[in-house]
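Each remark here refers to the structure printed beneath this line.
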Amino acid sequence: MLRALTSVLLCQLVGEALVAATNMPLPGPVVGMALLFAFFVVKGGIPSSIATVGDGLLNNLAVLFVPAGVGIMQHASRIGSEGFQLGGTLVASTLITIGVTGYLMRFFMKRGQPASGENSGDG
């Protein structure tokens, strides 16, 4: 269990280091998560020990949001002065995400359907 948690945190650390070394415009944890995902793809699945750690983190996700909430409250005056722009950005990005997700879902569902001339399995 400790080895799995160390692996997850090590991926985050490597992501932070890559971002710092290359000045990528991405958060380090996102790069680390992409590295972890690449590891899972190469490995062919998620090891059970890392799955257990992930489940434990998800079960306590509310506690992990406390530092983010504190950080937001430290910038409450800025949120007050830029609230309209922030709200508009959140609404626009949500609508764009829903639209892209719907489009991709329709694209992949059409792609997965058999062609009209293929055997439909009725027979």
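Of the helices (runs of 4 or more DSSP H) lying entirely inside segment 1-115, those containing at least 1 residues that are in contact with a Ser or Thr (Cβ under 7 Å, 6 or more places away or on another chain) and hydrophobic (A, V, I, L, M, F, W, C) are 2-22, 48-59. Screening LEU26 against (1) at negative phi; (2) at pLDDT 90 or above leaves a single unmet condition, (2).
Condition check ((1) out of contact with any Leu (no Cβ under 9 Å at 6 or more places or on another chain); (2) small (Gly, Ala, Ser); (3) at negative phi) across all residues:
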position	(1), (2), (3)
LEU35	no, no, yes
VAL41	yes, no, yes
ILE46	yes, no, yes
GLY54	yes, yes, yes
GLN74	yes, no, yes
THR89	yes, no, yes
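The values are calculated or read from the model by the stated rules, or taken from the named source; none is laboratory data. These figures come from a predicted structure and were not determined experimentally. Cβ coordinates were reconstructed from backbone atoms using ideal geometry, including for glycine residues, and neighbour counts include every protein chain displayed.
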